[in-house]
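Here the structure comes first, spelled out in structure tokens, and everything after it is commentary.
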Amino acid sequence: MSEDLGKKLRQVLESSKGWSVTKTTVEGLGIIKLPATATRPASLAVEINPIVGGKSSKRRGLILTSHNQYELFKEIINNPKVGELLLAIDSIKGKAKEEVLEI
């Protein structure tokens, strides 16, 4: 990590309000400030939230608080079975019979 990046992150931690997201130069990647709790001080996390049509694709993206979490998620997401499962889910979306309530 560069010294400059560390300074910028410290500034975000000190000056941002809790749950605020600071945009980065990487589209879909932000820095979110997690407010302090009774058991831990305020901290920073990475929020991954893809941009679709100029807007975030979800209200809240995937929040990662450590490099270890990143590695664990990366390992799962890169598993080919995840893609297969999502394609199967996509194939049945909207095909379920809509229940109509008789009044």
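For the reader, a short list of remarks on this structure follows.
- Within the stretch 60-88, the residues that satisfy the criterion of being surrounded by 10 or more Cβ atoms within 10 Å (Cβ to Cβ) and not in a helix (DSSP H, G or I) are Arg60, Gly61, Leu62, Ile63, Leu64, Thr65, Ser66, Asn79.
- The set of residues from the stretch 55-79 being closer than 20 Å to Ser43 by Cα and polar (S, T, N, Q) comprises Thr65, Ser66, Asn68, Gln69.
- Against the criterion of being surrounded by 10 or more Cβ atoms within 10 Å (Cβ to Cβ), of a type in the set (A, V, I, L, M, F, W, C) and modelled with pLDDT of 95 or more, Leu29 qualifies.
The values are calculated or read from the model by the stated rules, or taken from the named source; none is laboratory data. This structure is a prediction, so every number in the text was calculated from the model and none was measured. Here Cβ is always computed from backbone atoms with ideal geometry, including for glycine, and neighbour counts include all displayed protein chains.
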